[in-house]
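Participant: Please read through the structure below; I'll follow up with questions.
Coordinate-derived values only; no laboratory data. Since the model is a prediction, treat every value here as computed from it, not as a measurement. Ideal geometry is used to build each Cβ from the backbone, glycine not excepted, and the neighbour counts take in all protein chains shown.
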Amino acid sequence: MCGIVAYIGRREASPILLEGLKRMEYRGYDSAGMAVLDGDLRVGRAVGRVAALEEVLEREGGFEGTLGIAHTRWATHGGVTEANAHPHRDDGRLGHGIAVIHNGIIENHATLKRYLVEKGHVFTSETDTEVLAHLIGELYRGDLEKAVQSALREVTGAYAIAVVCEKEPDVLVAARKGSPLMIGVGKDEYIVASDSSAIVAHTTQAITLDDYTVARLDRESFRTTNVDNDPVSAEIRELEYDLGQIDLGSYEHYMLKEIHEQPEALRLCMKGRVDLRSGQIVLGGINQFARDLARAKRVIFIGQGTALHAGMVAEYLMEDLAKIPTDVEFASEFRYRNPIVEEGTVVVAISQSGETADTLAALQEAKQRGAMAIGLVNVVGSSISRETDAGVYLRVGPEIGVASTKAFLGQVCVATMLAAFTGRRRFLAAEAVRDLMERMSEVPGHIERILEQSDAIRDATARYVERDNWLFLGRGYNYPVALEGALKLKEISYIHAEGMPAAEMKHGPIALIDEGMPVVFLATRNSQYDKVLSNIEEVRSRGGHVIAVATEGDEEIRDRVHEVFWVPDVPEPLQPLLTVVPLQLLAYHAALMRGRDVDKPRNLAKSVTVE
Ligand code: F6R
């Protein structure tokens with residue numbers, strides 16, 4: 001959700017900033033901009049992708065200078081226009097030459113703007129960020145760090161910012177509250193960025209800023225304070241991933257790369273955690289809390305989007321394997337409906353990025369009400385991971401494609417281990433855990449087999465891709481997968497799709513079914529198989545075309561449906577790990593056939609850091 005990157009050092013800033021923007025473009029891609037200080041402040045902005053900004057810079061003969069800031073935007077306040085693109089400047093009348101890039105939302109921007117307008121400030125954009133730039137300018141008394149601290153004392157909302165000032169050509173100021181921000185520490189240089197993908201090409205040493213921290217950087221040193229100018233500590237740590245992991249390699253899209261990485265991602269996710277010989281599950285991050293978890297009276301999974309769907313699978317797993325009453329909720333709804341959190345409630349936040357604003361806020365709310373907080377998060381050191389009492393990292397590697405794929409598998413895999421780990425400490429027999437884990441260790445190999453069907457899935461998809469309305473139906477463990485399949489299709493191909501429990505169809509949605517409507521059924525062999533077969537008949541008799549995901553060797557289903565994608569046979573709790581994969585491929589191929597930008601679908605951005 002908006003990528004920000006800033007550089008201060010001895011090298012030319014603009015190539016470093018452009019490369020950083022390209023790496024973070026998945027965070028937002030409505031418009032982009034850059035400001036570089038070389039005596040004067042030079043600012044370039046463009047609507048569209050980073051490539052459009054590159055053209056602007058070229059037209060202007062390039063920006064020279066060793067201090068600069070840059071931004072790729074996902075619009076929140078104000079339309080997608082050049083005037084609304086970042087960087088934003090303070091009021092030119094004051095002559096400070098201040099420029100700001102910002103990720104987040106300044107909630108009291110209207111009040112601040114009224115105050116500034118009364119003082120004579122003239123605004124040129126509709127953004128909340130310009131208000132912040134003007135406020136910093138208004139409070140500037142020759143010290144940028146102090147002006148930023150003073151401004152932030154007046155601000156409510158969320159921000160990750162980087163600020164430069166013409167009058168202080170050796171200073172970069174950055175600050176964070178509620179939006180991620182890191183500082184890469186190189187030799188005589190610093191790179192500030194919303195995530196490590198913009199940093200790892202230059203250094204693997206980085207500081208993750210805490211909320212309410214202001215960092216003042218010059219070329220040789222930095223200091224960190226709070227907004228009241230009290231010193232705060234900042235720890236430099238080693239970044240865990242390298243460039244190879246975030247490069248496309250031979251793949252055309254990150255989404256395809258990440259779909260294909262799933263077998264390896266799951267192996268890494270299980271590595272060192274599942275001991276097949278003893279049948280033990282070792283989850284270092286929650287060991288200390290294992291007893292509390294086993295005694296929990298209620299577990300609540302929270303998340304948004306794909307992470308929520310993983311939470312829905314987790315709900316089934318936790319009740320099945322650990323026999324603990326479990327709920328799953330949209331984090332955004334949980335936090336605002338005065339939730340009841342009794343003693344013995346464990347809240348588990350699921351998030352790839354660890355930065356989703358609603359999930360983070362819901363977790364904080366639950367903690368405040370006395371819940372134990374666990375995180376199932378991919379990004380190490382992210383806000384959610386730092387907010388929890390305990391957690392299990394997904395360890396599936398960086399996910400760049402906006403449509404989440406391997407993170408979903410990681411979330412479900414970790415949830416399976418968590419449920420079995422908890423169940424073992426309650427009623428679940430050691431044998432049962434060992435059997436399940438043994439079968440789960442075979443899942444990566446099974447996924448490899450499913451991926452081999454990619455061409456067949458593409459050909460089948462081609463027969464329906466012109467249809468504008470699709471249904472995805474499943475029962476039990478496959479119900480969340482139906483939701484996930486529909487979400488994947490709509491978010492990257494813009495085809496309207498709905499997912500629901502197969503039985504629910506008869507309570508209204510069946511009216512939608514007409515001749516040739518594609519209806520995707522998750523129809524694997526499990527406890528609800530016969531019921532699903534009946535639902536398939538109901539759809540067929542109304543003219544719907546059935547695309548089934550079925551268990552290998554199921555000859556019975558072959559004649560009952562129009563298309564079938566095969567998955568190997570695994571126990572019911574493990575089926576989502578397989579049944580989702582053909583649906584990811586279906587969505588991918590449909591999006592390509594419709595000419596969509598698979599990795600950067602319209603209106604979306606990875607990591608929703610605003611509520
Ligand atoms: C869909 C997708 C989103 C995310 C959701 C939560 O493909 O990626 O629905 O799952 O925005 O994001 P995280 O997991 O980062 O909290």
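Participant: Kindly write out, for region 479-490 in residue order, the coupling ³J(HN,Hα) from the Karplus curve 6.51 cos²θ - 1.76 cosθ + 1.60 (θ = phi - 60°), rounded to whole Hz, with x marking Gly and Pro.
Facilitator: Each residue's phi maps through the Karplus curve to give 5, x, 5, 4, 5, 5, x, 5, 4, 4, 5, 5 Hz.
Participant: Let me ask another. Treating the angle as unsigned and between 0 and 90°, give the value, to the nearest 10°, between the Cα long axis of helix 144-153 and the longest Cα principal axis of the chain.
Facilitator: 50 degrees
Participant: How far is helix 50-59 tilted off the main Cα axis of the chain, in degrees rounded to 10, range 0 to 90?
Facilitator: So the helix axis and the longest Cα principal axis differ by about 30 degrees.
Participant: Using a cut-off of under 18 Å, list every residue of region 12-39 whose amide N is near the label point 7 Å from the Cα of R219 along the Cα-to-beta-carbon line.
Facilitator: The answer is 12-17, 36-39.
Participant: If you don't mind, another one. Taking neighbour counts of Cβ atoms within 10 Å as a proxy for exposure, in what order, fewest first, do T156, T326 appear? Before the final figure, lay out the partial values.
Facilitator: Values: T156 13, T326 22.
Ordered from fewest to most neighbouring Cβ atoms within 10 Å, T156, T326 come out as T156, T326.
Participant: So what's the chain giving for Cα Rg divided by 2.2 N^0.38 Å, two decimals?
Facilitator: Values: Rg = 25.3 Å, N = 611, 2.2 N^0.38 = 25.2 Å.
Relative to the 2.2 N^0.38 Å estimate, the chain comes out at 1.01.
Participant: Just flag the GluC sites (Glu not before Pro) in region 228-284 sitting in loop per DSSP whose Cβ has no more than 16 other Cβ atoms within 10 Å. Walk me through the intermediate numbers first.
Facilitator: Numbers: sites: E235, E238, E240, E252, E258, E261, E264; in loops: E235, E240, E252, E261.
Passing both the DSSP loop test and the Cβ count: E235, E240, E252.
Participant: Rank the residues V117, V539, V520 as a footprinting-exposure proxy: fewest other Cβ atoms within 10 Å of their Cβ go first.
Facilitator: Arranged by neighbour count, lowest to highest, V117, V539, V520 become V117, V539, V520.
Participant: Which FRET efficiency value, to the nearest 0.05, is calculated for V117 and E343 with the Förster distance at 60 angstrom and r the Cβ-Cβ distance?
Facilitator: On the way: r = 51 Å, r/R0 = 0.85.
The calculated FRET efficiency here is 0.75.
Participant: Another question about this same structure. If I take every Cα pair under 8 Å that is 6 or more residues apart in region 449-598, average their sequence separation and divide by the length, what percent do I get for the relative contact order?
Facilitator: Values: 279 pairs, mean separation 46.0, N = 150.
Once normalised by length, the contact order is 31 percent.
Participant: Within the set K406/K600; K271/K606; K22/K257; K271/K600; K177/K606, which residue pairs have Cα atoms separated by over 23 Å? Before the final figure, lay out each step's value.
Facilitator: Working: K406/K600 17 Å; K271/K606 27 Å; K22/K257 18 Å; K271/K600 32 Å; K177/K606 19 Å.
Checking Cα-Cα distances, K271/K606; K271/K600 exceed 23 Å.
Participant: Taking the Cβ of each residue in V100, V185, V570 as the centre, tally the other Cβ atoms inside 10 Å and list the residues starting with the fewest.
Facilitator: In order of increasing Cβ crowding within 10 Å: V185, V570, V100.
Participant: Which shape class applies to region 3-245: rounded if a/c is under 1.5, otherwise prolate when a/b exceeds b/c and oblate if not, where a ≥ b ≥ c are the square roots of the Cα gyration tensor eigenvalues?
Facilitator: Details: a/c = 1.43, a/b = 1.15, b/c = 1.24.
Rounded shape, in that the Cα axes give a/c under 1.5.
Participant: log₁₀ I(q)/I(0) of region 336-408 at q = 0.15 Å⁻¹, via Debye over equal Cα point scatterers, no solvent, to two decimals?
Facilitator: Summing over Cα pairs of region 336-408 leads to -0.48.
Participant: Distance from a point 7 Å along Cα→Cβ of D170 to each backbone N in region 202-235: keep the residues under 12 Å and list them by number.
Facilitator: Under cut-off, by backbone N: 218-221.
Participant: Label region 337-469 by shape, choosing from rounded, prolate and oblate, from the square roots a ≥ b ≥ c of the eigenvalues of the Cα gyration tensor; if a/c is under 1.5 it is rounded, and otherwise prolate applies when a/b is larger than b/c, oblate when it is not. Let's see the in-between values first.
Facilitator: Working: a/c = 2.25, a/b = 1.40, b/c = 1.61.
It comes out oblate by the Cα gyration axes.
Participant: Something else: Over region 249-441, calculate the relative contact order: mean separation of alpha carbon pairs under 8 Å at least 6 apart, over the residue count, as a percent.
Facilitator: Details: 367 pairs, mean separation 56.1, N = 193.
Averaging sequence separation for qualifying contacts and normalising by length gives 29 percent for region 249-441.
Participant: Within region 1-99, which GluC sites (Glu not before Pro) sit in a loop by DSSP and count at most 16 neighbouring Cβ atoms inside 10 Å? It would help to have the intermediate numbers written out before the result.
Facilitator: On the way: sites: E12, E19, E25, E54, E55, E58, E60, E64, E82; in loops: E12, E60, E64, E82.
For GluC sites (Glu not before Pro) across region 1-99 that sit outside H, G, I, E and B with at most 16 neighbouring Cβ atoms in 10 Å, the list reads E60, E64, E82.
Participant: Moving to a separate point now. Under the rule of -39500 (n - 2.57) per DSSP H run of 4 or more residues, summed and divided by the residues of the chain, what mean residue ellipticity at 222 nm is obtained, to the nearest 500 deg cm²/dmol?
Facilitator: Details: 21 runs with 212 residues, N = 611.
Helices in the chain give a 222 nm mean residue ellipticity of -10000 deg cm²/dmol.
Participant: Assuming a ≥ b ≥ c are the square roots of the Cα gyration tensor eigenvalues, decide whether region 252-347 counts as rounded (a/c under 1.5), prolate (otherwise, with a/b larger than b/c) or oblate.
Facilitator: oblate
Participant: Over the chain, what is the relative contact order in percent, taking alpha-carbon pairs closer than 8 angstrom and at least six residues apart? Intermediate values should be presented prior to the final figure.
Facilitator: Details: 1421 pairs, mean separation 70.6, N = 611.
Once normalised by length, the contact order is 12 percent.
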